[in-house]
1. I'd like to check one number: the per residue accessible area of the stretch 153-195, probe 1.4 Å, reported in Å² as a whole number.
2. Taking 22 Å as R0, compute the FRET efficiency from the Cβ-Cβ separation of Q389 and L522 and round it to 0.05.
3. Taking the Cα centroid of the stretch 296-321 and of the stretch 180-211, what is the distance between the two, rounded to the nearest whole Å?
4. Can you tell me the length gained on complete extension of the stretch Q119 to A82, counting 0.36 nm per residue apart and subtracting the Cα distance?
5. So how do 223-236, 67-80, 261-274 stack up, highest first, on mean other-Cβ count within 10 Å?
6. Hey, which of these cross-link pairs are over 21 Å Cα-Cα: K241/K396; K197/K396; K5/K78?
7. Just for the stretch 98-203, what percent of DSSP beta bridges are antiparallel, to the closest 5?
8. With unit charges on the beta carbons (Lys and Arg positive, Asp and Glu negative) and the dipole taken about the Cα centre of the stretch 311-366, which residue among N312, N361, Q324 sits farthest to the positive side?
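The values are calculated or read from the model by the stated rules, or taken from the named source; none is laboratory data. This is a predicted model, so every value here is computed, not measured. No Cβ is skipped: glycine too gets one built from the backbone with ideal geometry, and neighbour counts run over all protein chains shown. All accessible areas refer to the heavy atoms of the entire protein, side chains included, with ligands and DNA or RNA removed. Shrake-Rupley method; radii C 1.70, N 1.55, O 1.52, S 1.80 Å.
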Amino acid sequence: MASVKIRFHGAARCVTGSCYELETEQARILVDCGLFQGSKSERELNYGAFPFEPSAIDAVLLTHAHIDHSGLLPKLVKLGFAGPIHATRPSVDLCSVMLPDSAHIQEVEVARLNRRNAQRGRDPVTPIYSPRDAADCLTLFRPAEYQTWTPVAPGIRAQFWNAGHLLGSASLELEIDRAGERPLRLLFSGDIGPSFKLLHPDPQGPTGLDHVFCESTYGNRERPTVSVDERRAQLAEEVRKAAAVEGPLIIPSFAVERTQELLVDLHLLMQSGEIPSAPIFVDSPLATRASEIFDRHADEIEQGDLLRAALNARRVRFTETVDQSKAINRFTGFFVVIAASGMCDAGRIRHHLKAHLWRRNATVMLAGFQAQGTLGRILLDGAQRVRIQGEEIDVKARISLFDLYSGHADASELVSWLQNRGPVSGTIFLTHGEETALTALQARVASLFPETRIVAPQLDDLYDLDGVATCVVEGARPRRLPPEKVARLDWHNDLSKLLLAISEQVDAAADERGRAAIIRRLRRALDAEEGG
């Protein structure tokens, strides 16, 4: 019997770095090739070698354009991959702006880091890939239509189903030929959208499968059933609070789709007079270019007319240059800034946070999931002081979470989506979730499928997909990161917390003598550690 194996190279016990390697006797393909985000230990995986030879991969299937699913494709091409990258037409269009933007952000961030490294006598680092690598990658994209079979590699074909998560997002149905047997049928969920998604229909998908790979981002969370009108009413309340203290409303937002959804609601609320009218700055070159793509595809989007009206409203201002971005912070009173990245770990949002976190009349509204280890999660968890670009910033602004724009299905919606895919004869693989979400979803799904056929793979696990019950294959390649370090705060986070705590203690000391005493105690502790 022909062997089919899968390796989980990302989004295993974490929510980023999505990458699954399928191997048959005839071909090797990837489903997604995404960037890791979160703790520094996880982000360092982006700079290391792939756990496979890029030139040996025959093709890539991309579920959608978000960077945690697509962001390492240019590196894959840089290191020797030359096959086709299959994606829906809107995903191809979005990647044409998102991947070059990712390369640009890396160059800017690395240039800043290298300036600090030079001052500290450390070796320079290089970006993961360059704009040229991103451009080379884009030549390999091949557009696919929904619900149409696409040949991928010898003995493998795929069909894209609308996942309702993002413009162009898809769940991927695969059929893999086996000699003397019916084809093996697999389904990769990609990221599944929720109910009441402004611009999308409910997620779709096939039934009667052998194995299903299901995302688990919100596997432990029930989102209240909120209609679009109710969500706008709650957003209006949040905006009015920000306006009442006459300060800025800073919204870290994913540049692609979350920004466009926010614009629609803010525009309609200001147009109706439910919130004060004010300038809305979209301070992200990527969001600007992505908005142009959304405008281009508006006829394919639910309520595309509302989107077009918001994108072209006079109060909405798209900034391009760094000088324009910096000029925003000269405004006073109430205004709105929407800037990437949504988890505050890169992009222009960081300089807006640096400019406003210390202000008591500022509001920071986090508008989506915040992965462990990101600045957004640290703020959400109540940090009183944070480090941004090497500087310590007191957190005096009001921090809130407005998670009604999430692009992910909640726990009940995930269970319903899985139930609608049945019957499933083999294994349910739970991926793209942190530990608590995976555990909670596994318990829920156990009411639908035998518990022995529900698994949550570890990073770099290898499974054999033959037969009803799958098993981990012994002798798999070594793990790049120990399981206990995946989706966890690491020593970099601990060091940052320690430095902030020391700074707070020293600042709180009554006088020079008190500060000197604190430093002496720290020195004695370090000397004792060295002596031990």
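1. 24
2. Here the calculated transfer efficiency is 0.30.
3. The stretch 296-321 and the stretch 180-211 have Cα centres separated by 29 Å.
4. Contour length minus the Cα-Cα distance gives 9.4 nm.
5. Descending mean neighbour count gives 67-80, 261-274, 223-236.
6. Cα-Cα > 21 Å for K197/K396; K5/K78; rest within.
7. Values: 16 of 17 bridges.
Percentage antiparallel, nearest 5: 95.
8. Of the candidates, N361 comes out farthest on the positive side.
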